[in-house]
Amino acid sequence: MSGSLTRRSVFAAGLAATSTVFIAGSAAAEQDGSSMQGRPRRDEGIDFFAWVSRGDWQSGGGDGVEVIGAGRARRPGIRIGEPIDTIDFTDPHTGNTAAYDIATWTSPERRSAVEASELIASWNADTPDDTWIQVEVQGRYLEGETTPWFIMGRWAAGDGDIARASVNRQGDPRSTVYTDTLAVDDADVTRLGSYRLRITLHRLAGTEVTPTVWRVGAMTSHVPDRYEVPESVPGVATGIELPVPRYSQSVHAGQYPEYGGGGQAWCSPTSSQMVLEYFGRTVSEEDLAWVDPEYDDPQICHAARFTFDTAYDGCGNWPFNAAYAAAFDDMDAIITRLGSLADAEALIAAGFPVITSQSFLEEELDGAGYGTAGHLMVLIGFTEEGDVIANDPASPSNEAVRRIYNRRQFENIWLRTKRKDANGNDAGGSGGVCYIFKERDQSWPRHLRLTD
């Protein structure tokens with residue numbers, strides 16, 4: 001369990017009854033939204049888009065970056081070519097100051113398929129020692145005005161150069177950044193119609209090392225608030241269970257308080273590590289040498305350390321978990337929303353576990369044995385009757401992690417956007433937020449329109 005959803009209780013966005021729209025790759029064709037000009041923008045729904053190909057990177061504005069790669073031997077991406085400037089950066093969390101050479105890449109303006117009240121960016125990158133990246137977003141309201149450039153994360157795979165951190169509570173009179181999410185304060189007044197993303201690549205001044213970014217994208221969404229979501233019927237994934245390893249966060253209670261202290265705080269990295277190992281990505285013994293040898297499953301400690309958001313003071317930053325997963329060889333990872341359990345079934349049937357974010361009272365999920373203001377678990381399959389099979393890291397032991405949850409209950413606690421807390425007060429729900437990881441060579445289910 002985690003408190004990661006308490007910060008989202010103010011959100012007014014929800015989840016469309018229609019299926020999620022996924023678009024990734026071939027971004028050059030939509031670089032200014034031209035291919036969407038004849039299409040009506042939806043008032044409600046979910047839209048995901050990412051820049052991933054060589055053409056995508058060439059479609060943006062590079063200042064000091066070079067576009068690299070194509071083909072299997074070299075992934076398309078951007079890295080520092082000739083730096084445009086050298087800056088002194090003082091880390092607000094450590095107080096350390098260092099000089100960095102920088103280069104920037106700015107995406108074309110992307111017209112959202114949805115009149116959006118929320119935006120969550122995610123990215124996949126390689127950041128060797130002495131390097132890091134900053135990801136920003138600038139939204140454009142339907143009336144035409146733009147937001148300031150908001151920082152969505154200062155990120156490095158390691159933690160020896162900067163304190164990996166979000167920048168909470170940035171805002172303008174109409175929108176606010178809550179850790180990893182840009183939210184329009186009153187969606188009845190205005191929405192976001194388009195956005196741009198900007199990446200600033202940093203390397204220690206005077207060195208030749210460079211970060212490389214393989215993927216950057218954003219999910220935009222909006223629907224009205226709701227306490228109940230439409231019920232789906234069992235479909236293509238009934239009777240399918242993916243062999244995802246099982247790890248409990250609870251057995252780590254009290255470990256490494258500087259990274260959240262295990263237990264309730266580690267649901268997100270524990271879920272991420274389970275799915276990574278399903279794809280055969282493990283942490284080397286060398287990389288685990290820092291972990292106390294008395295601790296079981298040291299890779300969970302590792303995942304917590306390298307997803308930790310210093311500003312948020314926890315491991316529940318959604319894009320940081322995706323970026324952690326994508327730091328493993330030939331892995332891709334995104335943060336998005338899904339529209340129903342039918343969408344999740346399509347992914348399960350294609351072999352992709354889904355890490356889901358939900359909040360609930362104990363009586364709202366039979367068999368859980370706890371309530372939570374925010375928790376991540378791994379959806380790994382469905383019974384023949386269509387109920388959910390989940391690896392729930394809040395379980396007391398690894399052996400107890402596999403759970404079967406009532407389909408209707410699970411669907412509602414995951415997809416709703418409003419709920420009542422233990423005191424009867426209104427609180428928020430994630431609205432179907434999930435992490436999806438895949439291997440580079442795998443294709444997304446085509447009828448979800450998520451392709452590379």
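The values are calculated or read from the model by the stated rules, or taken from the named source; none is laboratory data. Predicted model only: the values in this text are computed from it and were never measured. Every residue, glycine among them, receives a Cβ derived from its backbone with ideal geometry; neighbour counts consider all protein chains shown.
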Open item on the list: Tell me whether region 345-359 contains one or more residues that are on the phi > 0 side of the Ramachandran plot and surrounded by fewer than 24 Cβ atoms within 10 Å (Cβ to Cβ).
Closed with: yes
TODO: Being over 23 Å from Gly239 (Cα atoms) and either of a type in the set (A, V, I, L, M, F, W, C) or free of Cβ contacts under 8 Å to residues at least 40 places away in the same chain (or both) is the filter here, so list the residues in region 356-375 that pass it.
DONE: Phe360, Leu361, Glu362, Glu363, Gly369, Ala373
Open item on the list: Whether any residue in region 145-160 is surrounded by fewer than 20 Cβ atoms within 10 Å (Cβ to Cβ), of a type outside the set (A, V, I, L, M), in contact (Cβ under 8 Å) with a residue 60 or more places away in the chain and not assigned by TED's automatic domain parsing to the domain that holds Ser430 is what I want to check.
Closed with: yes
Open item on the list: Test of understanding: among Val283, Val251, Val275, which residue is within 17 Å of Asn398 (Cβ to Cβ), out of contact with any Phe, Trp or Tyr (no Cβ under 7 Å at 6 or more places or on another chain) and part of a helix (DSSP H, G or I)?
Closed with: Val251
- [ ] Sort out for me the strands (runs of 3 or more DSSP E) sitting completely within region 38-125 that have 3 or more residues that are in contact with a Gly (Cβ under 8 Å, 6 or more places away or on another chain).
- [x] 45-51, 65-68, 77-80, 97-106, 110-116
Task: Residue satisfying all of: in region 144-183; among the aliphatic types (A, V, I, L, M) and assigned to a loop (DSSP other than H, G, I, E, B); nearest to Thr131 (Cα to Cα) among these - done: Ala156
TODO: Return only the number of the condition from (1) farther than 22 Å from Thr336 by Cα; (2) in the same structural domain as Ala400 (by TED's automatic domain parsing); (3) touching a residue at least 12 places away in the same chain (Cβ under 8 Å); (4) not polar (S, T, N, Q) that Gly254 does not satisfy.
DONE: (3)
TODO: Return the total of residues in region 286-310 being more than 22 Å from Glu439 (Cα to Cα) and either over 18 Å from the mean Cα position of the chain (by Cα) or not in a helix (DSSP H, G or I) (or both).
DONE: 16
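Conditions tested, residue by residue: (1) under 18 Å from Thr220 (Cα atoms); (2) buried (at least 17 other Cβ atoms within 10 Å of the Cβ); (3) modelled with pLDDT of 95 or more.
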{"residue": "Ala12", "(1), (2), (3)": "yes, yes, no"}
{"residue": "Ala16", "(1), (2), (3)": "yes, yes, no"}
{"residue": "Ala24", "(1), (2), (3)": "yes, yes, no"}
{"residue": "Glu30", "(1), (2), (3)": "yes, yes, no"}
{"residue": "Gly38", "(1), (2), (3)": "no, no, no"}
{"residue": "Val65", "(1), (2), (3)": "no, yes, yes"}
{"residue": "Arg72", "(1), (2), (3)": "no, no, no"}
{"residue": "Asp88", "(1), (2), (3)": "no, no, yes"}
{"residue": "Thr94", "(1), (2), (3)": "no, no, yes"}
TODO: May I ask you to list the residues in region 329-344 that are farther than 23 Å from Arg408 by Cα and surrounded by 24 or more Cβ atoms within 10 Å (Cβ to Cβ)?
DONE: Ala333, Ile334, Ile335
Open item on the list: Would you confirm, using the coordinates I've provided, whether Gly386 is of a type in the set (Gly, Ala, Ser), free of Cβ contacts under 8 Å to residues at least 60 places away in the same chain and farther than 27 Å from Leu119 by Cα?
Closed with: no
- [ ] With respect to Lys420, determine if the residue is in the same structural domain as Trp266 (by TED's automatic domain parsing), among the charged types (D, E, K, R) and more than 26 Å from Trp123 (Cβ to Cβ).
- [x] yes
TODO: Keeping to region 317-359, report how many residues are within 14 Å of Leu379 (Cβ to Cβ), part of a loop (DSSP other than H, G, I, E, B) and of a type in the set (Gly, Ala, Ser).
DONE: 3
- [ ] Could you look through region 302-313, keep only residues that are touching a Phe, Trp or Tyr at 6+ places or on another chain (Cβ under 7 Å) and not aromatic (Phe, Trp, Tyr), and pick out the one that is surrounded by the fewest Cβ atoms within 10 Å (Cβ to Cβ)?
- [x] Arg305
- [ ] Report yes if Gly424 is touching a residue at least 12 places away in the same chain (Cβ under 8 Å) and not hydrophobic (A, V, I, L, M, F, W, C), otherwise no.
- [x] no
Task: From Leu119, Leu182, Leu197, Leu204, residue being in the same structural domain as Trp51 (by TED's automatic domain parsing) and more than 18 Å from the chain's Cα centre (by Cα) - done: Leu204
Open item on the list: So for region 187-200 (the condition being among the basic types (Lys, Arg) and under 30 Å from Val65 (Cα atoms)), does at least one residue qualify?
Closed with: yes
